[in-house]
1. Return the label of the correct value of Cα extents along the principal axes in Å, as calculated from the structure shown, out of (i) 60, 50, 36; (ii) 60, 48, 41; (iii) 52, 41, 39.
2. Out of all DSSP beta bridges with both ends in the chain, state the antiparallel percent to the nearest 5.
3. Distance between the C-alpha centers of the range 15-85 and the range 235-279? Whole Å please.
4. Over the range 10-143, give the accessible area per residue in Å² for a 1.4 Å probe, as an integer.
5. For Tyr286, enumerate residues with amide H under 5 Å from its amide H, sequence gap 5+ or separate chain, H modeled in the peptide plane.
6. Have a look at Ser18, Ile31, His88 and report the one farthest towards the positive end of the charge dipole of the range 1-92, computed about the Cα centre with Cβ charges (Lys/Arg +1, Asp/Glu -1).
7. Taking H as built 1.01 Å from N, whose amide H comes closer than 5 Å to the amide H of Val105, not counting residues under 5 places away?
8. Counting helices only, and only those DSSP H runs with n ≥ 4, report the 222 nm mean residue ellipticity of the chain as the sum of -39,500 (n - 2.57) divided by its residues, in deg cm²/dmol to the nearest 500.
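The values are calculated or read from the model by the stated rules, or taken from the named source; none is laboratory data. Note that the structure is a prediction, hence the values are computed from the model and not measured. Please note: Cβ atoms are built from the backbone with ideal geometry, for glycine as well, and neighbour counts cover all protein chains shown. For accessibility, only protein heavy atoms count, side chains too; no ligands or nucleic acids. Shrake-Rupley method; radii C 1.70, N 1.55, O 1.52, S 1.80 Å.
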Amino acid sequence: MTGPISTTAAADALMPASHPFAQHLLRVAEIEARAPHRAWTPADGPLPALYISHGAPPTFEDAAWMRELHEWARRLPRPRAILIVSAHWESDSLGITSTRPTELVYDFGGFAPLYYGMRYDTPPAEGLARELLGVLPETLAVHEHRNRGLDHGAWVPLKVMYPQADIPVLQLSLPTHDTTTLLGLGERLRPLREAGVLVIGSGFMTHGLPFVRPEHLQQPPDWSVEFDLWAEDALKRGDVDELANFRTRSPGLRYAHPTVEHFTPIFVTLGAASAEHAVTTAIEGYMWGLSRRSFEAA
């Protein structure tokens with residue numbers, strides 16, 4: 001006998017059956033029925049750190065992206081918990097979202113009403129909060145924002161990757177854009193990976209929304225391509241210094257990142273990775289002319 005339907009599943013059930021996300025949920029259910037996602041164990045060793053290029057809720061209409069993202073999640077052991085840093089929560093000091101389930105942040109506008117009814121009610125995350133505080137310096141104050149839930153930079157990709165919403169999740173704020181500080185913060189998070197926590201930086205490899213034109217849907221602009229190729233090359237070489245000096249070394253920065261919050265989560269990811277920074281690209285290509293490059297770092 002099955003238990004009561006979750007609030008997340010109940011909201012998902014209201015999605016029109018023809019919607020690509022409804023089809024994604026059916027596909028995921030079929031995959032899980034054939035082979036349940038294997039849970040992480042200590043024998044697996046550290047989980048990789050991820051950088052995900054996320055989009056606004058219309059990405060739930062992109063069947064190819066959802067398939068790639070979910071297949072990537074399935075290739076990894078199912079994490080015990082998830083700690084995610086999103087481009088959409090900048091702060092003056094370090095904060096975490098509520099450790100108890102609370103409302104999502106619908107930090108977008110102008111989209112179909114159904115996206116404002118989506119839910120992602122994950123289990124309580126007090127245990128993850130204690131683990132996080134255990135790896136951060138005692139002198140570093142971390143404030144829990146008890147009325148703040150996950151923003152779309154967190155819940156949009158996670159809803160595709162782990163749609164059952166059955167893994168504890170905390171979002172960590174982005175307290176600075178100083179690359180050295182963010183790399184150091186990520187380094188502090190490495191022990192969490194060894195304990196089965198999936199550490200994610202969520203942004204967009206290029207995010208020049210003010211400069212996207214209708215023709216870029218078919219052909220990405222030069223500035224997006226050039227920045228992406230520069231980042232791809234540096235990642236392949238493990239050249240964190242090149243990436244960290246992106247303000248002076250990257251091509252097309254003025255257009256690719258007129259503001260930098262969608263790029264700087266990459267440094268939490270790279271800091272949380274091993275010193276070798278072995279990077280594997282999981283998703284590439286372009287969405288609305290913007291690079292959706294996403295990768296894992298061991």
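1. Here the calculated entry is (i).
2. Values: 10 of 30 bridges.
The antiparallel fraction comes to roughly 35 percent.
3. 24 Å
4. Details: 6300 Å² over 134 residues.
For the range 10-143, the solvent-accessible area averages 47 Å² per residue.
5. For Tyr286, the qualifying residues are Arg292.
6. It is Ile31.
7. Gly149, Leu150, Asp151
8. Values: 12 runs with 106 residues, N = 298.
Calculated mean residue ellipticity at 222 nm is -10000 deg cm²/dmol.
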